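Input: a single structure, listed below in structure tokens.
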Amino acid sequence: MSPRKILFAALLGTATLGLSACATLSRGPVGNTAVPQPAKPLELARYLGLWHEFARYENGFEKDCEAVTATYSQRDDGMIAVRNSCRKGGIDGAEKIANGKAKIVPDSRSAKLKVSFFGPFYGDYWVLDHADDYSWSIVGEPSGRFLWILTRAAHPDPAQAKALMQRARALGYDEQLIRLTRQP
């Protein structure tokens with residue numbers, strides 16, 4: 001085997017091992033064994049902007065994160081810029097920012113996206129349901145291991161908070177696995 005092929009095989013092996021480790025570390029238990037298809041189409045222009053994470057399934061890449069926000073904006077190339085932010089260790093902790101990009105999955109009524117924070121590797125992001133006025137959304141993906149409940153307000157009123165938990169449960173999510181996110 002030529003040195004070039006050996007180097008390529010080594011790099012491919014290292015990349016595969018690294019991605020496998022990342023995927024394993026960030027995976028939690030399956031909290032929904034029958035993730036539904038998105039309930040309604042998404043108007044991207046109305047979805048863009050700042051969202052506060054009300055609750056989530058715990059996952060490795062958000063470990064010890066509070067004050068979590070996500071901001072979506074239109075890029076010049078037609079893709080969506082994604083800026084996720086959290087405070088490590090508490091609402092006053094050090095800010096951690098992850099910048100990524102997203103693209104709409106064709107024939108998904110714009111409710112399914114592919115999101116990347118790492119080069120050419122994309123993960124699923126399904127807006128399973130959202131308020132008609134885009135004041136909240138519930139986001140998941142096909143494995144049932146990830147769930148995010150997002151709101152425009154940092155602190156939804158108690159009636160809305162209760163309704164969001166009920167809606168997540170109606171979509172098949174295990175309420176015992178839902179972790180509320182502290183916001184300032």
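The values are calculated or read from the model by the stated rules, or taken from the named source; none is laboratory data. Quantities reported herein were computed from a predicted structural model and do not represent experimental measurements. All Cβ positions, even for glycine, are placed from backbone atoms using ideal geometry, and neighbour counts span all protein chains on display. The accessibility values were calculated without ligands, DNA or RNA, using every heavy atom of the protein model including side chains. Shrake-Rupley method; radii C 1.70, N 1.55, O 1.52, S 1.80 Å.
Structural remarks
- Set side by side, the residues Ile138, Ile104 differ, and just one is touching a Leu at 6+ places or on another chain (Cβ under 6 Å) and either under 18 Å from Glu53 (Cβ atoms) or of a type in the set (Asp, Glu) (or both), which is Ile138.
- Only one of the numbered conditions (1) assigned to a helix (DSSP H, G or I); (2) surrounded by fewer than 19 Cβ atoms within 10 Å (Cβ to Cβ); (3) touching a strand residue (DSSP E or B) at 6+ places or on another chain (Cβ under 8 Å) is not met by Ser110, and that is (1).
- Every test in (1) assigned to a loop (DSSP other than H, G, I, E, B); (2) at pLDDT below 95; (3) not small (Gly, Ala, Ser) is passed by Phe61 save one, and that test is (1).
- Tally, over the stretch 78-89, of residues that are over 17 Å from Tyr122 (Cα atoms) and assigned to a loop (DSSP other than H, G, I, E, B): 1
- Residue count for the stretch 48-100 satisfying the condition of being open to solvent by less than 40 Å² (accessible area, probe 1.4 Å), of a type in the set (D, E, K, R) and in contact with a helix residue (DSSP H, G or I) (Cβ under 9 Å, 6 or more places away or on another chain): 3.
- Residue ID - farthest from Lys101 (Cα to Cα), chosen from residues in the stretch 32-43 that are more than 15 Å from the chain's Cα centre (by Cα) and open to solvent by less than 30 Å² (accessible area, probe 1.4 Å): Asn32
- Across the stretch 102-127, the number of residues qualifying as in contact with a Lys or Arg (Cβ under 6 Å, 6 or more places away or on another chain) and without any contact (Cβ under 8 Å) to a residue 24 or more places away in the chain comes to 4.
- Residues in the stretch 128-154 that are without any contact (Cβ under 8 Å) to a residue 60 or more places away in the chain and open to solvent by 20 Å² or more (accessible area, probe 1.4 Å): 3 in all.
- Looking only at residues of the stretch 155-184 that are charged (D, E, K, R) and outside any loop (DSSP other than H, G, I, E, B), we find that the one that is most open to solvent (accessible area, probe 1.4 Å) is Lys162.
- Scoring Leu42 on the criteria (1) assigned to a loop (DSSP other than H, G, I, E, B); (2) on the phi > 0 side of the Ramachandran plot; (3) in contact with a strand residue (DSSP E or B) (Cβ under 7 Å, 6 or more places away or on another chain) leaves a single failure, condition (2).
- Residue within the stretch 130-152 that is among the hydrophobic types (A, V, I, L, M, F, W, C), over 28 Å from Pro106 (Cβ atoms) and in a loop (DSSP other than H, G, I, E, B) present: no
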